[in-house]
Amino acid sequence: MRVITDQQITGCLGYAEVAQRIAQAFDALCQGRAAIKPRQRIDCGAVKLSSMGAVWLDAGLAGEKVYPTVEGRFGFVFNLFDLRDGRPLAVMDGAELTRVRTAAMTTLAVSRGAAAFGKLALFGAGLQGRSHLDALLAALPFTRVDVVDPQDLGDWPRQAALRHGVLLRQCSAAEAVADADVVVTITRSKTPVFDGALLKPGAFVAAVGTSLPTGRELDDTTLSRAGRVIVEWLPQSRGEAGEVVLGLQSGALDERRLADLPGLAACGPAWRQDRDEILVFKSVGVGLSDLAAAAVVWERLGRA
């Protein structure tokens, strides 16, 4: 059994390749050739222990990610198994897997659901926020980016603008959302981060920052204006996606406007039915996305 570290994984995973493998894995889920084990959490005092996993027959792999949450910090480990005989193949550090697969999933969703790619509004410029920026700008032809973050980002906006060849600035939430084609929220906030009344017709919103049923980054206005709210996998999202749980409770969201990737056929045509329709994608992270990323790592490093 191999032990594969984050240092070995860094540089091994590309956002585009992982997005493609995620799409393939969800296509297999549509066909009954993959299965997801939903996240399970236990609490003891201020500490949580969580696990989530998946089986993917076409890849011949199964895996489970396990991680504690201690003072808001995570320590990820991913266990990978061979489906031919059930033997353990590898124990992988999971931080890089999680970082890349999260940004890759969002990029896949934006590519399927957005009506235009002029301006991106990005809420959150931490590790995941910057990873999302890199993934989205590598895959899609955005020309402007407005970044919203409570911290002073110093010279980073200028450096990111030069690196990606786009107009990029740090600004207020209202300025960022007002004319954005795509809005991505990847914050630690448990309360809405912008006013949904500011969204223009046809905007695509991806909320990625929280997987707790008691918190959300999007307000009732955003949910009520959305033609559809799309999640990765409804059996998990119904219990832990705050936008779904709280939106259904408030009446801002109803079951008819809920959809998930298996229901939409993840590898099928674009999700949008109307150019002026506001679409929301709510991600909580599922084990099948982790397994898709781990499959790429195993192909690259497993037999080295």
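Mind listing whichever residues of segment 200-227 are under 19 Å from Gln273 (Cα atoms) and surrounded by fewer than 24 Cβ atoms within 10 Å (Cβ to Cβ)? Explain how you work it out, then say what you get.
First pass over segment 200-227, keeping only residues under 19 Å from Gln273 (Cα atoms): 200-206, 222-227.
Of everything in segment 200-227, those that are under 19 Å from Gln273 (Cα atoms) and surrounded by fewer than 24 Cβ atoms within 10 Å (Cβ to Cβ) turn out to be Lys200, Pro201, Gly202, Ser224, Arg225, Gly227.
I need every pair where a residue in segment 106-132 that is closer than 22 Å to Gln159 by Cβ has its Cβ under 8 Å from the Cβ of a residue that is in a strand (DSSP E or B) and hydroxyl-bearing (Ser, Thr, Tyr), sequence separation at least 6 or different chains.
Pairs found: Phe123/Thr185; Gly124/Thr185.
Among residues belonging to segment 275-304 that are of a type in the set (Gly, Ala, Ser) and at pLDDT below 95, point out the one that is surrounded by the fewest Cβ atoms within 10 Å (Cβ to Cβ).
Ala304
Taking the conditions exactly as written (touching a strand residue (DSSP E or B) at 6+ places or on another chain (Cβ under 6 Å) and assigned to a helix (DSSP H, G or I)), does Leu288 satisfy them or not? It would help to see each step written out before you state the result.
Numbers: touching a strand residue (DSSP E or B) at 6+ places or on another chain (Cβ under 6 Å): yes; assigned to a helix (DSSP H, G or I): yes.
Spelling it out, Leu288 is indeed touching a strand residue (DSSP E or B) at 6+ places or on another chain (Cβ under 6 Å) and assigned to a helix (DSSP H, G or I).
Pairs please, first residue from segment 8-27 and over 15 Å from Trp56 (Cα atoms) and of a type in the set (D, E, K, R), second anywhere and at pLDDT 95 or above and surrounded by 18 or more Cβ atoms within 10 Å (Cβ to Cβ), Cβ atoms under 9 Å, 6+ apart in sequence or on different chains.
Glu17/Ala104; Glu17/Val296
So Phe142 passes all but one of these: (1) in contact (Cβ under 8 Å) with a residue 12 or more places away in the chain; (2) loosely packed, with under 15 Cβ neighbours inside 10 Å. Which condition number does it fail?
Condition not satisfied by Phe142: (2).
What's the number of the only condition in (1) among the aliphatic types (A, V, I, L, M); (2) surrounded by fewer than 16 Cβ atoms within 10 Å (Cβ to Cβ); (3) in contact (Cβ under 8 Å) with a residue 12 or more places away in the chain; (4) within 20 Å of Thr210 (Cβ to Cβ) that Leu57 fails to meet?
With respect to (1) among the aliphatic types (A, V, I, L, M); (2) surrounded by fewer than 16 Cβ atoms within 10 Å (Cβ to Cβ); (3) in contact (Cβ under 8 Å) with a residue 12 or more places away in the chain; (4) within 20 Å of Thr210 (Cβ to Cβ), Leu57 is out only on (4).
State all residues of segment 90-112 that are surrounded by fewer than 19 Cβ atoms within 10 Å (Cβ to Cβ) and touching a strand residue (DSSP E or B) at 6+ places or on another chain (Cβ under 7 Å); if no residue qualifies, say none.
Answer for segment 90-112, where residues must be surrounded by fewer than 19 Cβ atoms within 10 Å (Cβ to Cβ) and touching a strand residue (DSSP E or B) at 6+ places or on another chain (Cβ under 7 Å): just Val91.
Hey, does segment 291-299 have a residue that's part of a helix (DSSP H, G or I) and among the β-branched types (Val, Ile, Thr)?
Taking segment 291-299 and keeping what is part of a helix (DSSP H, G or I), we get 291-299.
Of the ones still in play, those that are also among the β-branched types (Val, Ile, Thr) are 296-297.
Yes: segment 291-299 contains one or more residues that are part of a helix (DSSP H, G or I) and among the β-branched types (Val, Ile, Thr).
The values are calculated or read from the model by the stated rules, or taken from the named source; none is laboratory data. Here the structure is a predicted model, which means the values were calculated and not measured. Cβ atoms come from the backbone with ideal geometry, glycine included; neighbour counts cover every protein chain shown.
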